[in-house]
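The structure appears below as structure tokens.
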Amino acid sequence: MTDERTTSRYQVPIGVEIATQWAWRILVIAAAVGLGLYLLRFFSEITIPVAIAVLGAALTIDAVNWLQARGLPRLAATFIVVLMVLATLFGALALVGQQLATQVSDLRANVVDGITQVQDWARTGPLKLSDSQIQDWIDSAKESISGSNTSLLTRVTEVGTTLTHVLAGFFIALFSAFFFLYEGNRIWAWIVALFPRAARSQVNSSGHTAWASLTAFVRATVIVAATDALGIALGAWILGVPLSLAIGVLVFLGAFVPIIGALLSGMVAVLVALVAQGPWTALFMLIVVIVVQQIESHVLQPFLMGRLVAVHPLAIIFAIAAGVTVAGVIGALIAVPFAAVLNGVVRHLVSVAQEYQEEPEDDVGMEPEPA
């Protein structure tokens, strides 16, 4: 009797016990996630190019399969697709470089004129600044620029190191994408074999679902990005805004970050229009950007994104913020496809669990019915 009273006196309340069990599990999960993010950042020179290669393979895998179905060997089909992608990439960069070389001088002259207009407005407008005050601001800006020359060598060294990392990442992504396209099935079979035999079936089905979600998401994103780029670049060309092709390429790349990417890159077009053509052209450019964004949000996205890859806008914002925190701009590009893949896999596992629960139990131990 005394032992029971002593035990009940020092017994942990059920709420505290449940909270403790949840707490240590959450801590273990958080530690595992934190360790995973740390490893991804530590090996970012490898993980980021491989992730970009996976996205590229998801976009071009159907082209390889189509060429193989037409009688080409898998190796030759992969070579052709990779060469076509490289030719398209470098061709776009060459066109943008040519336009920058021919129009950047005019844009520089417009910037100088714009600065002069701002100075005149500051002198004659509501600010009523004197020439000496304006000159003091200009002198301070010059001092800041000249003062930064002391760290020029350090900055050049940093740029050289960054370019080296970019080139290394480019070749890692190129070779990874090639082998993903050429023998992706063998690579995936090797990964599945690493798991316990009882879990291989669900891992394999989840991987196929993730790949289907990723390919659908990437293709839809490319179509949306191309539409955004074409609409904004065409609007800039009609309005006479310089660097319209470069703006289109920037919008295309920015559209891979949903919701905010194309909008921010479209603001660059508005800024260029403001500097080159004045406020009215900038206003019309802003209207073009808003119209294109509305078409994307209310027509293209719901039509192209199926239920399997549909992600709530709030989840997209959280994913972009997490991606930027972990890996900067590249993290923002990768975070949303990862969220779409995770969403597809979770839906798949939930459906598998529901099907398993709905299966009728075997009549084990029951006597057979008489004939």
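Points worth noting:
- Looking across the range 32-62, the residues that are free of Cβ contacts under 8 Å to residues at least 60 places away in the same chain and under 17 Å from T325 (Cα atoms) come down to V33, G34, L35, G36, Y38, L39, F42, F43, T47.
- Test: residue in the range 95-102 that is at pLDDT below 65 and farther than 30 Å from I172 by Cα: no
- A search for C-beta distances below 6 Å between a residue of the range 279-291 that is without any contact (Cβ under 8 Å) to a residue 40 or more places away in the chain and any residue that is part of a helix (DSSP H, G or I) and surrounded by 13 or more Cβ atoms within 10 Å (Cβ to Cβ), counting only pairs 6+ apart in sequence or on different chains, returns A282/V270; A282/A273; A282/L274; L286/V270.
- Residue check, L174 touching a residue at least 24 places away in the same chain (Cβ under 8 Å), within 24 Å of I46 (Cβ to Cβ), open to solvent by less than 20 Å² (accessible area, probe 1.4 Å) and assigned to a helix (DSSP H, G or I): no
- Summed over the range 42-86, residues that are charged (D, E, K, R) and surrounded by 14 or more Cβ atoms within 10 Å (Cβ to Cβ) total 1.
- Test: T215 is part of a helix (DSSP H, G or I), modelled with pLDDT of 85 or more and open to solvent by less than 20 Å² (accessible area, probe 1.4 Å): yes
- Residues that are of a type in the set (G, A, S) and assigned to a helix (DSSP H, G or I), drawn from the range 35-77: G36, S44, A51, A53, G56, A57, A58, A63, A69, A76, A77
The values are calculated or read from the model by the stated rules, or taken from the named source; none is laboratory data. Since the model is a prediction, treat every value here as computed from it, not as a measurement. Neighbour counts are summed over all protein chains in view; Cβ atoms, including those assigned to glycine, are modelled from backbone coordinates with ideal geometry. The accessibility values were calculated without ligands, DNA or RNA, using every heavy atom of the protein model including side chains. Shrake-Rupley method; radii C 1.70, N 1.55, O 1.52, S 1.80 Å.
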